[in-house]
1. Using 0.36 nm times the number of residues separating H162 and C202, minus their current alpha carbon distance, what extension gain do you get?
2. How do K197, K134 rank when sorted from fewest to most other Cβ atoms within 10 Å of their own Cβ?
3. Once whole DSSP H runs in the chain are found, which of them have Cα atoms spread over 27 Å or more along the helix axis and a mean Kyte-Doolittle score of at least -1.0?
4. Write down the Å³ per residue value for the convex hull defined by the alpha carbon atoms of region 73-164.
5. Describe numerically, in nm with one decimal, the distance between label points set 7 Å from Cα along Cα→Cβ at K213 and at Y30.
6. Excluding residues on the same chain fewer than 8 positions from K146, give the lysines whose Cα lies under 29 Å from its Cα.
7. Taking the Cα-to-Cβ direction at S174 and at K99 and moving 7 Å from each Cα, how far apart do the two end points lie in nm?
8. Note down the magnitude of the dipole of region 2-209 about its Cα centre, charges +1 on Lys and Arg C-beta and -1 on Asp and Glu C-beta and zero elsewhere, to the nearest 20 debye.
Amino acid sequence: MVIIVVYCNVVRHIRITLILNKEITMNTQYTSYHRGYKIMANEDLHCINEIMDAIVDSIEGYTSSYSRTFVVNFGLNYPQATHSEGNKPMQMFMDRFKKYLTVRGLRHVYVWVREQKSSDNPHYHCLLLLDGRKIQNSFGIMEEAKRLWGAINDCDGAGLVHYPHAPAMLRTDSQAYTEEIEMCVFHTSYLAKKNTKGSAPCRQREYGYSRKKPWE
């Protein structure tokens, strides 16, 4: 009984968060679309098409293959005393994190981006899609993300993993399924914004995504 109550509260929190995020972000004057989806862009704010394609392909592909898609957006910051120019720590993190998910039978798809504007270090944003039949909350996997990122940076990871908004569960049996997918693309388009890209050193990638898809 306790498990059922907790699960219901998680779903209720997700739905309330989606509604609140929709009301808040839609008040901003975003006028641009990508492949039919409204995105966080307009005449002055631009998104990178290649990143948007990776986001849309991932969300459309996963939601077309699974009846429930658990969506997690999270960010990774470096400790203040750390200086990093390359993406090696991020690559190490993704390799270990993907292995962790695979061992637990969680088929996943991801998109990550590197951002840096005026800070000494870059930071990263990640979109993670998981089978919602096997996972309903992000606590366990985000604790592991914190542990892994902390170990790579020789610290405990406290305060270095952040969440722009709550996870979302996309269900094919939801009456608002299409709208929820549109909102998912809209929020995730934040990763594709152009004004925080372009400062990476030579031969350093500014984004990455799953090459191997679980539905292929």
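Read-outs: derived from the displayed coordinates by stated rules, not from any lab. All values reported here derive from a predicted model rather than from experimental measurement. All Cβ positions, even for glycine, are placed from backbone atoms using ideal geometry, and neighbour counts span all protein chains on display.
1. Extra length from H162 to C202 when fully extended: 11.6 nm.
2. K134, K197
3. Going by DSSP H runs, the hits are 2-25.
4. Value for region 73-164: 93 Å³ per residue.
5. The modelled label-to-label distance comes out at 2.2 nm.
6. Partners within reach: K22, K88, K98, K99, K117, K134, K193, K194, K197, K212, K213.
7. With each label point 7 Å from Cα toward Cβ, the separation is 3.4 nm.
8. Roughly 480 debye, rounded to the nearest 20.
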